[in-house]
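**Q** One structure, as structure tokens, below. Some questions next.
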Amino acid sequence: LRYAGGGDWYANPSSLPNLRAAVAERTSLPVDRADVTVRLTDSSLFDLPFVHATGHGEMRLSDDDVRRLRQYLLQGGFLHVDDNYGLDESFRREIRRVFPDRPLVDVPHGHPIYHLVYDFPNGPPKVHEHAGHPAQGLGIFIGRRLAVYYTYSADLGNGWEDAGTYPDPPALHEAALRMGVNLVAYAVTSRVTP
């Protein structure tokens, strides 16, 4: 997701190609291998079952962005936001504008997003240490469907990067990819189309 505000929405350049490859290799879901960058005002937004946002800095949504994101999510879209250390405050502010009536809540560890393809009985894996906080999976539900999934202090995108980009052990890289596969599988299988 390309957003305004000065945050580096383009962070982790190898993460999404690696995640797409993992989804294609490990599931039967059809995967488009082309890189897709989308703004919330793009007409193609509603064709996408899964939208990912990350960054270290400020995220700012216009009034049109807020309206379109709310519409996209209410019509069955799924947004994953991965705080890459620094996005937390602005993301929480902006998502409150999108859903002032639906707070971010802890996603219970029994939720299918943690068990659909791979089992994560304790929630999202923690890839990098940021200020000593535990990894959290927070979400916004529309009815029973999880529409927004926010990984805080987990840094999944860094785990999806090319092996060797960070000095993480292979097992942590694999855990991050497995969690990403779960996210995409959930987004696609839970999608409600208007």
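**Q** Are any of the residues in region 26-35 open to solvent by less than 10 Å² (accessible area, probe 1.4 Å) and either in a loop (DSSP other than H, G, I, E, B) or at pLDDT 95 or above (or both)? Step through it out loud before you land on a result.
**A** Within region 26-35, the first condition is being open to solvent by less than 10 Å² (accessible area, probe 1.4 Å), and the residues that meet it are none.
Within region 26-35 (the criterion being open to solvent by less than 10 Å² (accessible area, probe 1.4 Å) and either in a loop (DSSP other than H, G, I, E, B) or at pLDDT 95 or above (or both)), the answer is no, since none of the residues qualifies.
**Q** May I ask you to list the residues in region 149-194 that are under 26 Å from residue 73 (Cα atoms) and among the aliphatic types (A, V, I, L, M)?
**A** 154, 156, 176, 177, 179, 181, 183, 184, 185, 187, 188, 192
**Q** List pairs: first in region 13-29 and of a type in the set (Lys, Arg), second open to solvent by 40 Å² or more (accessible area, probe 1.4 Å), Cβ under 8 Å, 6+ apart or cross-chain?
**A** 20/31; 20/32; 20/33; 26/117
**Q** Then there's this: Need the failing condition index for residue 130 against (1) closer than 21 Å to residue 53 by Cβ; (2) under 17 Å from the mean Cα position of the chain (by Cα), just the number.
**A** It fails just one condition, (2).
Conditions (1) in contact (Cβ under 8 Å) with a residue 12 or more places away in the chain; (2) within 19 Å of residue 184 (Cα to Cα); (3) surrounded by 14 or more Cβ atoms within 10 Å (Cβ to Cβ), marked per residue:
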position	(1), (2), (3)
104	yes, no, yes
109	yes, yes, yes
121	yes, yes, no
124	yes, yes, yes
134	yes, no, no
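**Q** Residue 94 versus (1) in contact (Cβ under 8 Å) with a residue 24 or more places away in the chain; (2) out of contact with any Phe, Trp or Tyr (no Cβ under 8 Å at 6 or more places or on another chain); (3) more than 17 Å from residue 179 (Cα to Cα); (4) open to solvent by 10 Å² or more (accessible area, probe 1.4 Å): which is the lone unmet condition?
**A** Every condition holds for residue 94 apart from (4).
**Q** How many residues are within 11 Å of residue 125 (Cα to Cα) and either open to solvent by less than 70 Å² (accessible area, probe 1.4 Å) or in contact (Cβ under 8 Å) with a residue 60 or more places away in the chain (or both) if we restrict to region 160-176?
**A** Of the residues in that region, 5 qualify.
**Q** Looking only at region 49-68, count how many residues are touching a residue at least 40 places away in the same chain (Cβ under 8 Å), open to solvent by less than 60 Å² (accessible area, probe 1.4 Å) and out of contact with any Ser or Thr (no Cβ under 6 Å at 6 or more places or on another chain). Let's see the steps before the verdict.
**A** Of region 49-68, the ones touching a residue at least 40 places away in the same chain (Cβ under 8 Å) are 49-62, 65.
So of that shortlist, the ones also open to solvent by less than 60 Å² (accessible area, probe 1.4 Å) come out as 49-55, 57, 59, 61-62, 65.
Still in the running and out of contact with any Ser or Thr (no Cβ under 6 Å at 6 or more places or on another chain): 49-55, 57, 61-62, 65.
Of the residues in region 49-68, 11 are touching a residue at least 40 places away in the same chain (Cβ under 8 Å), open to solvent by less than 60 Å² (accessible area, probe 1.4 Å) and out of contact with any Ser or Thr (no Cβ under 6 Å at 6 or more places or on another chain).
**Q** Within region 105-127, count every residue that is small (Gly, Ala, Ser) and either within 17 Å of the chain's Cα centre (by Cα) or modelled with pLDDT under 95 (or both). Outline the logic, then answer.
**A** Of the residues in region 105-127, the ones small (Gly, Ala, Ser) are 110, 123.
Filter once more, so that each one left must be either within 17 Å of the chain's Cα centre (by Cα) or modelled with pLDDT under 95 (or both): 123.
So the answer is 1.
The values are calculated or read from the model by the stated rules, or taken from the named source; none is laboratory data. Remember, it's a predicted structure, so these values are computed and weren't measured experimentally. All Cβ positions, glycine included, derive from the backbone under ideal geometry; neighbour counts span all protein chains shown. Protein only, heavy atoms only, side chains kept; ligands, DNA and RNA dropped before computing areas. Shrake-Rupley method; radii C 1.70, N 1.55, O 1.52, S 1.80 Å.
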